[in-house]
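Beneath this line is the structure, given in C-alpha cells, with notes to follow.
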Amino acid sequence: MIRFEAASKTYPDGTAAVDALDLVAPSGQITVLVGPSGCGKTTSLRMINRMIDATSGRILLDDQDVAKVEPAELRRGIGYVIQHAGLFPHRTIVDNIASVPVMLGRKKKQARADAMELLERVGLDHKFAHRYPAQLSGGQQQRVGVARAVAADPPVMLMDEPFSAVDPVVREQLQEEFLRLQGELGKTIVFVTHDIDEAIKLGDQVAVLRVGGRLAQMASPAELLSNPVDDFVANFVGRDRGYRALGFEAVGTLPLESEPTVSLASSFDEAAQAAQDGWILVLDEARQPQGWLAVADGPASGSDSINPVNLRRGGTVAAVDGTYRAVLDAALSSPTGRGVVVGRDGTFAGTINATQVVELIESRGVAS
Amino acid sequence: MIIVAADSPASASSSPWHFFGYFMDHRSEDLGWLWTHAWLSVVPVMVGLLIALPLGWLSRRYGWLYPPMMSITGLLYTIPSIALFVLVPPLLGLSSLDPLQVPIALTVYSVALLVRVVADGLASVPDDVNQAATAIGYTRARRLFKVELPVAVPVIAAGLRVATVSNVSMVAIAGTIGMSNLGQLFQIGKDLSTPTAYYPPIVLGIVLCVLLALVLDSIILILTRLATPWRRAVPAR
C-alpha cells in the first residue's frame, strides 16, 4: 500500500506542483492519477520513488516513510515504466530485461533465462531476445519496458504514461495485455495518464487531479462517471459519461427475441422466404453471425445463392453476459434495429432492440 | 620508375620520388623514429582521455561549469604547439629536451580537445535512458559506467580519432626542435637542401606520417565498431 500524507512539492520560486496530497493506493490494485497537464501527476508519481523529494508531508510505502530509505535501494524494489520505454540502446533485449536482477546480484545466466520467460509473458517472440532496442517498434519496445520493470518481481510498479506514445490500435492491445498481466501478477500499481478513457479502462480507482496539484476526486471509474463531484471533474470526465458508465454494468437476463436465420450455403429463395421485414440474419457453419442480408439486394448474379458481398457486417455483436453499453451498441449499430446477441461460445443466441435495452436500463435504475 | 630508382645505388637522386630509396638506405633509423612517433601520438591521447573523463563529467553534471571549461580548453588549443613545447620545461622545471616535454604538451592538447568531447558524449545519451536507469535503481556511479559511458562511446571515439591524428602532426613539429621522431626527417631535408633542394627525406616524412595517421585511425575505428555492435543494428521499419 502506498499512502500520501499531505505530501507537497513546492519549487523554490513558490509554485506548488503538488499541494497537500492525501491519497491511498491499495495493495494489488491499479490506482490511476489523471488530470490536465500541470496537475502534478508525474511529480506525485516520482515522489514515491524519490526521483523528486517531497518538500513537506510524507509518503509511506507499506508503512515505511520513503524519505528514510536510500533512493537507489528504494527504487530497486519498485518497477518503473516510462513513456518511451527508455531501454538501454547498447544492451540486447534480453539483457535490458535482466538489468535489475543482475544489479541485485543474480547470476547472469539465470537472469537471462528468466528474462526469456518474461519476454513470452509480455507477448514477444524469442527471436527478439538478441536484438537491440533500435530494431523494435515503439509498441514492442514498450512491452520490453514493462518486462524490465517486473523482472525483479517488485511488489510495486509506477507507470508514467507508458502507452501514450504508440498508435491507438497498439495502445489498445498494450492496455488489454497489461490488464491480463496484472490479473496474473497482482502488483500495487500507480499509473499516470492524461487520457481519461485510459484511466477509466485501467483503473480500479481513479484520482482526478486539478492544476496546482490538488486532488479533485478519488473514486472507482463507475462512481466517477455517475457521480462527478464538481464541474471540473464532470468536464474532465467528458460529455458522454452517462453512456460510458453503462460499460461498467453487466446486464442481467436479457429478454431475447428469436430471429429467423439462414446459413451462408442457403439458396437466396430460402433466405427471402424466411426473412422478417425484408432482412435475414446469415450465420456461418459454426452458427456464428456473419451479417444481415437485405432481400431487396437480390441473389448473386448468375446463380440463386446468397451473395456474400451484400452482407451488412457493420453491426456490433454483444455477448449475453456483456455490459449494458455493449448490448445497446449492438442494437443501435444494427441495420435492422435488432441487436445481435451471442452466447459465450460465439454462437447466435437472439436479438434485442434499443427500446428493450433502454427499458432494462431504466428498470435497473428504479430497482436500485 | 620508383622501383628502378629504389634499386639503383645512385641514392643521391634528389627527385621527390626517391623517398623509398632514402628509406631503404636509412631503414633502422627511420623505423626507430616511426616507433617513437607512434608512441608519442598515442600515449598522450590515452592520458588525456583519463584526465578529460572526470573534467567532462563535471562540466556535464554542473551546468555552470560547462561554459568556462569550454573557454579554457578552447584557449589552450589555440596556443601554437611549438610555443607550448618550448614553454613546458621552464614551467614545470624540466631540462630542455627532457623526454617528458613533448608528451606533456601533447597531453594538454588532448585534454583540451577531449573535455568537450566527453561532455558532449554524455549529453548525447537520451534523457529517457538516463531517467530509466535512475528509476530502476542505478546509483550515479553505476549509471555513469554501465549506461552513460557505453552509450557515449561513438561520440567519444570520434573525438579520439581527431585527437590522435592531430597528435601525429604535432609530434612531427616536436621533431624539428630536436626530439627524435619522424619530424627529424623534415629537419634533415632542410639541412640537406643547401645549396640545392633535396626532397627525399621530406617526402618520406610526409608519407610515413600519413600512413601512421591512417593506421592509428583505422585501429580506433575497428575497436569502436567492436565495442558498439548496437550501432549497426538495423532500425525497425
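Would you confirm whether any residue within segment B:186-204 is closer than 27 Å to B:LEU100 by Cβ, among the hydrophobic types (A, V, I, L, M, F, W, C) and in contact (Cβ under 8 Å) with a residue 60 or more places away in the chain?
Checked segment B:186-204: no residue is closer than 27 Å to B:LEU100 by Cβ, among the hydrophobic types (A, V, I, L, M, F, W, C) and in contact (Cβ under 8 Å) with a residue 60 or more places away in the chain.
For segment A:18-58, enumerate the residues that are more than 30 Å from A:LEU179 (Cβ to Cβ) and surrounded by 14 or more Cβ atoms within 10 Å (Cβ to Cβ).
A:ASP19, A:ALA20, A:ALA54, A:THR55, A:GLY57, A:ARG58
Being away from chain B (no Cβ under 14 Å) and more than 30 Å from the chain's Cα centre (by Cα) is the filter here, so list the residues in segment A:107-126 that pass it.
Those that are away from chain B (no Cβ under 14 Å) and more than 30 Å from the chain's Cα centre (by Cα): A:LYS107, A:LYS109, A:GLN110.
Before we move on, is A:LEU179 exposed (fewer than 15 other Cβ atoms within 10 Å of the Cβ), aliphatic (A, V, I, L, M) and in a helix (DSSP H, G or I)?
yes
Of all residues in segment A:276-289, which are surrounded by 17 or more Cβ atoms within 10 Å (Cβ to Cβ) and farther than 16 Å from A:GLY350 by Cβ?
Correct list: empty.
Can you find a residue that is within 14 Å of another protein chain (Cβ to nearest Cβ) and of a type in the set (A, V, I, L, M) anywhere in segment A:29-45?
Yes: segment A:29-45 contains one or more residues that are within 14 Å of another protein chain (Cβ to nearest Cβ) and of a type in the set (A, V, I, L, M).
If a residue has to be surrounded by fewer than 24 Cβ atoms within 10 Å (Cβ to Cβ), of a type in the set (D, E, K, R) and under 18 Å from A:ILE93 (Cβ atoms) to count, how many in segment A:139-172 make the cut?
0
Name every residue in segment B:179-201 that is touching a Pro at 6+ places or on another chain (Cβ under 8 Å) and either closer than 17 Å to B:GLU29 by Cα or assigned to a helix (DSSP H, G or I) (or both), in order of residue number.
Hits for segment B:179-201 are B:LEU185, B:PHE186, B:ILE188, B:GLY189, B:LEU192, B:PRO200.
Looking at the structure I just gave you, is A:ALA113 assigned to a helix (DSSP H, G or I), over 21 Å from A:LEU158 (Cβ atoms) and modelled with pLDDT under 95?
Judged against the criteria, A:ALA113 is a match.
Across segment A:213-244, which residue is surrounded by the most Cβ atoms within 10 Å (Cβ to Cβ) among those that are out of contact with any Asp or Glu (no Cβ under 6 Å at 6 or more places or on another chain) and in contact (Cβ under 8 Å) with a residue 40 or more places away in the chain?
Checking each candidate, the answer is A:VAL237.
Taking segment A:47-63, which residues are away from chain B (no Cβ under 13 Å), of a type in the set (Val, Ile, Thr) and assigned to a loop (DSSP other than H, G, I, E, B)?
A:THR55
Tell me, which residue of segment A:64-84 that is within 7 Å of another protein chain (Cβ to nearest Cβ) and over 16 Å from A:VAL102 (Cα atoms) is surrounded by the most Cβ atoms within 10 Å (Cβ to Cβ)?
Checked segment A:64-84; the qualifying residue surrounded by the most Cβ atoms within 10 Å (Cβ to Cβ) is A:TYR80.
Let me spell it out: the conditions are (1) within 14 Å of chain B (Cβ to nearest Cβ); (2) over 27 Å from the mean Cα position of the chain (by Cα), and A:VAL94 meets all of them except one. Which number is the exception?
(2)
Taking the criterion of being within 14 Å of another protein chain (Cβ to nearest Cβ), closer than 30 Å to A:GLY138 by Cα, touching a residue at least 24 places away in the same chain (Cβ under 8 Å) and in contact with a His (Cβ under 6 Å, 6 or more places away or on another chain), would at least one residue in segment B:151-170 satisfy it?
For segment B:151-170, residues within 14 Å of another protein chain (Cβ to nearest Cβ), closer than 30 Å to A:GLY138 by Cα, touching a residue at least 24 places away in the same chain (Cβ under 8 Å) and in contact with a His (Cβ under 6 Å, 6 or more places away or on another chain): present.
Scan segment B:117-143 for residues that are more than 13 Å from chain A (Cβ to nearest Cβ), surrounded by 21 or more Cβ atoms within 10 Å (Cβ to Cβ) and of a type outside the set (Gly, Ala, Ser) and jot them down.
B:VAL117, B:VAL118, B:LEU122
The values are calculated or read from the model by the stated rules, or taken from the named source; none is laboratory data. Keep in mind it's a predicted model, so treat the numbers as computed, not measured. With ideal geometry, Cβ positions are generated from the backbone for all residues, glycine too; neighbour counts draw on all protein chains shown.
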